[in-house]
Structure formats: C-alpha cells, structure tokens
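Engineer: Can you keep this structure in mind? I'll have questions shortly.
The values are calculated or read from the model by the stated rules, or taken from the named source; none is laboratory data. Computed from a predicted structure; not experimentally measured. A quick note on method: Cβ atoms are made from the backbone with ideal geometry, for glycine too, and the neighbour counts reach across all protein chains shown. SASA here: full protein model, heavy atoms, side chains in, ligands and nucleic acids out. Shrake-Rupley method; radii C 1.70, N 1.55, O 1.52, S 1.80 Å.
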Amino acid sequence: MSPVKPVFVHGWGFGPEFWAPVVDALGWTDALILDLGFLEGSTPASPMLAAQLLQAVQVPGEALLGIGHSLGFLWLTEHMALSPTDRLVGINAFAAFAARESFASGVPARVLQRMLKGLSNTPEKVLADFYNLCGASGSSKVPCVPNLRDGLDLLLAGDARPALAAKAGQYGILAARQDPVATPAMTEQSFAGCAAVQWVDGGHLLPQTDVSACVTFLQAVRRTMEQDVQ
C-alpha cells in the first residue's frame, strides 16, 4: 500500500502551532506541518522555504493529503501538484478572497490594501485587529512583515477556482456558518457546484474551537485515501 502523507498549512497571521490541538487529537506522527513565517520563530521560515519542503515530499508512490486553514488552503492550491492520488482539504477555506467582477462575495481590495499599508508602520496593530475579527487571542511573537505582505498579496491576487474546477473530486471543505472571515457567501461562491462542503456551527477558528469536527472530517478523508491507494 502506498503511504499517505498529511501536510498542514496555517492561515494568515498564524503559525504552525495553530494546528497543535488537531494534530495531537489525530495522533498523526507522520504529519508535515509547514510554517509560512508570518511570525518570527527560532528557525528561518517563509513561504518560499515552505514551498521547497512541500516539493520535497511530492514524490512518486506517496499520496499527499494537503490540509489548509483559510489562506493555507489557497496557498496549497498554488503549490501542490495534486496528482490523481492526492487530496486537498480546506477548513474555513476559500478559492478566492479579494472581491472582483466574477467574485462579488470577496473582501473589497481596499481592505487588504489598507492592511498592507498598515504593516509598514504598525504591524502589531494590523495583526491585533485581525485576531480580534477572528476571535483569537493575541500572539506574543513578533510579526514578520515581509512574509505577511506575501500573504496579503496572495489574498489579493489568488484565485484557485479554475484549477479546482478540474479537480472537483479531489478536495473537500469544512466550513463554519458564523465565519466572519471566510463568510458563508464566500464559501458558496468559491466552491459553487462542489458537493464536498460540510457545514458546522462556529467561527473562523474551527481547528481551535471544534477539534472534534476537524478530526472526524480529516480521518474520513484519510481513510478513503488509504483505501483508494491499496
């Protein structure tokens, strides 16, 4: 049987420790937890280094289970090859974030541009405001402005809808009905026509606030993958 390799990617403004409650509950000791470097840590981290680590585990004969929270899902859609045996899972996820002509439910670009401007002078306030919107407690870590800018650039320009349209059977979404960031309208427009959206009550931090729902969802996906690759 070919192995299944889980890869976790956190969202904007957070770090790899965001996944600790879910990974601990799953007991998946084989998981790769990437760090996009939004918060200063003890070792160098950046979206570029994370992409290199992801590329290193995309090897023939091993199915990848990419798991992204919020921006982490959009990032995975850009960096996973998504071979026929691979699967993607999004939690509080979206296929596009910034509003545009074909995506009316997105966040106005001016909001993200204002955040970009704020990072130049008061990055701690930008993060604190975002955490407050999410319902998250603040972080004691120092924000890494260049990597946070890269993340906002992805939120402004990223649109995975065309790529996902051709991979409808290879991804699943766990969405929250009261999410103020990845709103229900954004979720519905992102994944229009996809039957693999499961709704639960909750906000933007399901991996923190509803660990059991996340664990059940992920276990089911991995179990199906393991059966498929036998």
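Engineer: Can you bin the stretch 106-156 into rounded, prolate or oblate? Criterion: square roots of the alpha carbon gyration tensor eigenvalues sorted a ≥ b ≥ c, rounded for a/c under 1.5, prolate for a/b above b/c, oblate for the rest.
Structural biologist: Since a/c reaches 1.5 but b/c is at least a/b, the shape of the stretch 106-156 is classed as oblate.
Engineer: Something else now. Against the longest principal axis of the chain, how steep is helix 123-134, in degrees 0 to 90 to the nearest 10, with axes from Cα atoms?
Structural biologist: So the helix axis and the longest Cα principal axis differ by about 60 degrees.
Engineer: On a C-alpha basis, how far is the centre of the stretch 57-83 from the centre of the stretch 10-25 in Å? Whole number, if you could?
Structural biologist: Going from one Cα centre to the other spans 16 Å.
Engineer: Kindly identify the stretch 67-160 as rounded, prolate or oblate by the Cα gyration tensor criterion: order the square roots of the eigenvalues as a ≥ b ≥ c, call it rounded if a/c is under 1.5, otherwise compare a/b with b/c, prolate if a/b is larger, else oblate.
Structural biologist: It is prolate, given that a/c is not under 1.5 and a/b is the larger ratio.
Engineer: Only bridges whose two residues both fall in the chain count here: according to DSSP, what percent of them are antiparallel, nearest 5?
Structural biologist: 10 percent
Engineer: Would you work out the relative contact order for the chain, in percent, from Cα pairs under 8 angstrom that are 6 or more residues apart?
Structural biologist: Normalised by residue count, the contact order of the chain is 25 percent.
Engineer: Per the helix-only calculation at 222 nm, which mean residue ellipticity applies to the chain, given -39500 (n - 2.57) for every DSSP H run of n ≥ 4 and division by its residues, nearest 500 deg cm²/dmol?
Structural biologist: My calculation for the chain gives -12500 deg cm²/dmol from helical runs alone.
Engineer: While we're here: May I ask you to give the percent of accessible area on the chain that is carbon plus sulfur, with a probe radius of 1.4 Å?
Structural biologist: 54 percent
Engineer: Please work out how much length the chain gains when fully extended from Ala104 to Ala81, using 0.36 nm per residue of separation minus the C-alpha to C-alpha distance, in nm with one decimal.
Structural biologist: 5.4 nm
Engineer: Ordered by packing density, taken as the mean number of other Cβ atoms within 10 Å over each peptide's residues, highest first, how do 107-115, 174-182 rank?
Structural biologist: Descending packing order for the listed peptides: 174-182, 107-115.
Engineer: Excluding residues fewer than 8 places away in the same chain, name every one of the lysines whose C-alpha is closer than 20 Å to that of Lys125.
Structural biologist: Lys117, Lys141
Engineer: Further, regarding this structure: Using a 1.4 angstrom probe, figure out how much accessible area the chain has per residue, in square angstrom, rounded to the nearest whole.
Structural biologist: Per-residue value: 44 Å².
Engineer: Each label point is 7 Å from the Cα along the Cα-to-Cβ direction; what then is the distance between the points at Asp153 and Ala165, in nm?
Structural biologist: Those two pseudo-labels are separated by 2.7 nm.
Engineer: With a ≥ b ≥ c taken as the square roots of the eigenvalues of the C-alpha gyration tensor of the stretch 127-204, please select rounded if a/c is under 1.5 and otherwise prolate if a/b is larger than b/c or oblate if it is not?
Structural biologist: oblate
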